Amino acid sequence: MTYRPGSILILAIWSLAVLGFLVVAVGGYVSASTAMARYLENNNTAYFLARAGVEVAVAEIMENSANFSGTTFEDLASMDELFRENDSLEGGVFSVSYTIDDTNTFQIVTNYGVLKEAAKIDITSDTVGTRRRLANVIDMLGAPVEIVDNVFSNYPTQKKEIDVVTHSRFGAYDAIPELLQVQGVTLEMFEALKSLITLRRFERWYPGAEGDEWIRRDSYGGLSEGQAVVTTHGGRKEIAVTRRISFVFDSATTNFLAWREH
């Protein structure tokens with residue numbers, strides 16, 4: 001057998017090329033897997049930080065409910081020291097906040113802490129005061145105030161006829177997302193409104209566990225945000241992942257009336 005000059009060199013180059021390709025492919029796979037593992041770790045950290053924020057809020061509600069008893073903007077205070085970017089846990093920070101409409105300045109304000117549900121706009125209570133507050137908020141959002149009439153007169157389209165017949169206007173909503181079925185309420189408007197409104201069922205009397213005993217719900221809501229923080233190669237702190245939990249907690253029964261992870 002005769003060998004052509006340079007054939008071994010060509011074979012060696014091809015072998016190196018194949019090996020190089022395999023190294024790059026495996027390296028890319030390992031890099032992607034490492035990045036995914038890092039993301040999942042940070043995602044879990046952010047989630048449990050958000051859960052920690054909820055637990056801290058619940059503990060404060062149970063021990064110091066008087067701090068959250070205000071139902072008007074003037075009676076409320078922002079508890080920044082405890083609920084704003086709390087870094088008492090490893091891996092990041094958590095914050096618990098709420099929004100409320102300031103009827104004096106006609107602004108939507110964000111404070112840190114939790115808000116008593118009775119302080120929100122109850123869309124199941126058709127009163128002059130409720131209509132005025134809702135109209136002010138809708139006007140702030142740049143939407144037609146005529147939507148207020150729709151909120152209190154239009155039943156969600158998925159309601160059965162029997163529901164409309166047997167239920168009064170008060171309590172016609174079973175869940176806040178049903179507001180999306182009201183004429184004129186866009187998704188953008190709903191996203192801005194949902195943290196400002198409530199349903200009377202969060203403050204309703206209902207049968208207790210024993211006989212005819214009745215217990216009044218004493219509920220509070222907020223948004224807990226957990227942020228996983230990492231240190232870059234340059235030594236800077238950066239937020240890797242953010243997780244949020246919206247919740248409403250009833251201190252009378254120690255149950256969550258609403259819970260949404262996002």
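Derivation of every value follows stated rules applied to the coordinates shown; laboratory data play no part. These numbers were taken from a predicted model, which means no experiment stands behind them. Note that each Cβ is placed from the backbone with ideal geometry, even for glycine, and that neighbours are counted across all protein chains shown.
Quick notes
- Cβ crowding within 10 Å ranks 179, 40, 199, 141 as 40, 141, 179, 199, fewest other Cβ atoms first.
- Taking other C-beta atoms within 10 angstrom as a stand-in for reagent exposure, 262, 233 fall in the order 233, 262, fewest first.
- Burial ordering of 96, 230, fewest other beta-carbon atoms within 10 Å first: 230, 96
- Normalised by residue number, the volume inside the convex hull of the Cα atoms of region 18-152 is 187 Å³ per residue.
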